[in-house]
Amino acid sequence: MAKSADHVVIFDTTLRDGEQSPGCSMNLEEKLRVAEVLSHLNVDVIEAGFPAASNGDFEAVQAVAGSVKDSIICGLARASRRDIERAAEALKQAKSARIHTFISTSALHMKHKLQLEPEEVHALVVDSVTYARNFAEDVEWSPEDGSRTDHDFLCRCVESAIDAGASTINIPDTVGYAIPSEFADLISMLRNRVPNIDKAVLSVHCHNDLGLAVANSLAAISAGARQVECTINGIGERAGNAAMEEIVMALRTRKDAMVYETSVATRHITRASRLLAQVTGFSVQPNKAVVGANAFAHESGIHQDGMLKHSETYEIMTPESVGLTKSSLVLGKHSGRAALSAKLRELGIDLGANQLNDVFVRFKELADKKKEVFEEDLLALADVGVAAEDERVALVDLALRCGTEEDAQAAVTLRIDGVEQSKELTGTGPVDAVFKGISALVPGDYRLELFQVSAVTGGTDAQADVTVRLEENGRSVTGHAADTDTMVAAARAYITALNRLFTKRQRGVPPAFAAQG
Ligand code: KIV
Ligand code: ZN
């Protein structure tokens, strides 16, 4: 069906720009779960990765292209024939495929990063778009660092890219430098000066270094852009990208001032946000717009009084519109495997038989310990189940002694490649002792980058949700686990991260692949 002139295409780059940021890496299963939720959200385009960056990225784009059929699946490629061929190959199974090719156009980037003359860059623009059109009808072109590019050169490159066959022109504010009025003027300038601009959709891609990514994107829409590139929870390089949920809810809530529409099914926003936080370990700050834990909380007496009289006194959008429902008791200890599987599917999680068995065992253990099992608990359990896939190291036993009188002591038993090994170590606290014990059994060059604990639900019997990030020679991996015992969760999260490190080593994933932001 033809889209109206006021339709804004939502191009989600959570799996590419989002995943590219340090510590946000996801494994294949996790990417597929995120892709599935993006398809429930009904985003128009999913940028699934950068196929030339690594085999892992290639496989992820290929898998998303094979499984998601309702959105356009896009792969990123530099202005090189090999990159474009890799993207085309990875996208083969897509029902609708897009190749997104880019090259830097600012004087700064051309001179210092590419070490190319503007004429050489211009020739690569034409060559890359022309070459990409051999593989896909739908080609997007981006001038990296577009917001800091000389206007005459930008207009020339955009015109040539459209002549060569690009049907979307995306203007990135790569370093988050633009301010809304200026960025809107840039879009107007392109619309006024590029003669063939009506043959392409103008898009924007804003980074959040000054906290202006969403404001810049909305300003660009008002000036005529009809595609925005964004990510769930605003994850992405450095300070991140424009947050999809904020753009979509701003357009929906302020329709009176911005007469544009998107296809996003907003009731899936909360689930998407929670899933992403869970798989990346990047938790959402409580006061984050739209998806923060406090976004719909009313604490002060005056506000609560107003809310009781009329919800619109302090609520500009309803919690239901973003899929927020009160935590509800979902399953009890007598629930069976089929009920668990059905509930997980309702939450957007489709597990294979082995993973379901694993989650079911953990569910029974949890239901025995905890009186009430909530949706959040199930999501946390499912994540552990999924993470347990390629285990070389597993936790067998953990015993701890700690308190005010002596140093904490941990006795850790692990199964490493099928062989049980134990170690007892002391530390400045229980976490330190547990991590030292594991590291002594699994030595390596890795170091702890992040250790984060939060409670999955309320109450003293809540599961602790632990995220651990390890770094080794520029490779970052995140492990995530939940358990009613914080130390067990910490040990499991650490071990999950270690298993991922082994997988990365084995696959030869290059450390911190120097892709673009
Ligand atoms: O930030 C950027 O410039 C990018 C491009 C690859 C679009 O991510
Ligand atoms: Zn970017």
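The values are calculated or read from the model by the stated rules, or taken from the named source; none is laboratory data. Keep in mind the model is a prediction, meaning the values are calculated, not measured. Cβ atoms come from the backbone with ideal geometry, glycine included; neighbour counts cover every protein chain shown.
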Query raised in the report: How many of the residues in the range 127-159 are closer than 24 Å to residue 45 by Cα and either modelled with pLDDT under 95 or of a type in the set (S, T, N, Q) (or both)?
Result: 5
Query raised in the report: Of all residues in the range 11-59, which are modelled with pLDDT of 95 or more, within 16 Å of ligand 2 (Cβ to nearest atom), outside any helix (DSSP H, G or I) and not small (Gly, Ala, Ser)?
Result: 11, 12, 13, 45, 46, 47, 50
Report summary line: Scanning the range 236-246 residue by residue, those within 11 Å of ligand 2 (Cβ to nearest atom) and surrounded by 24 or more Cβ atoms within 10 Å (Cβ to Cβ) turn out to be 236, 240, 241, 242
Query raised in the report: When residues of the range 66-121 are filtered for being under 18 Å from residue 49 (Cβ atoms) and among the β-branched types (Val, Ile, Thr), how many remain?
Result: 6
Report task. Could you tell me whether any residue of the range 270-286 is exposed (fewer than 15 other Cβ atoms within 10 Å of the Cβ) and away from ligand 2 (no atom under 16 Å from the Cβ)? Result -> yes
Report task. Could you check residue 123 against (1) hydrophobic (A, V, I, L, M, F, W, C); (2) surrounded by 16 or more Cβ atoms within 10 Å (Cβ to Cβ); (3) part of a helix (DSSP H, G or I) and say which number it fails? Result -> (2)
Query - Check on residue 455, over 19 Å from the mean Cα position of the chain (by Cα) and modelled with pLDDT of 85 or more - result: no
Query raised in the report: Restricting the search to the range 467-494, which residues are β-branched (Val, Ile, Thr) and within 14 Å of residue 432 (Cα to Cα)?
Result: 468, 486, 488
Query raised in the report: Of the residues 288, 309, which single one is of a type in the set (Lys, Arg) and either free of Cβ contacts under 8 Å to residues at least 40 places away in the same chain or in the same structural domain as residue 449 (by TED's automatic domain parsing) (or both)?
Result: 309
Requested in this report: Select from the range 297-322 the residues that are farther than 22 Å from residue 40 by Cα and either among the hydroxyl-bearing types (Ser, Thr, Tyr) or modelled with pLDDT of 85 or more (or both) and list them in ascending order.
Outcome: 300, 311, 313, 314, 316
Report summary line: Residue set 445, 397, 432; condition of a type outside the set (Lys, Arg), at negative phi and surrounded by 14 or more Cβ atoms within 10 Å (Cβ to Cβ); output residue 432
Query raised in the report: Do we have any residue at all in the range 132-150 that's part of a helix (DSSP H, G or I), among the aliphatic types (A, V, I, L, M) and either under 30 Å from residue 288 (Cβ atoms) or more than 16 Å from ligand 2 (Cβ to nearest atom) (or both)?
Result: yes
Report task. Please verify whether the range 54-75 includes one or more residues that are crowded, with 21+ Cβ neighbours inside 10 Å, under 22 Å from residue 170 (Cα atoms) and over 18 Å from the mean Cα position of the chain (by Cα). Result -> no
Requested in this report: For the range 194-232, name all the residues that are more than 15 Å from ligand 2 (Cβ to nearest atom) and within 16 Å of residue 47 (Cβ to Cβ).
Outcome: 201
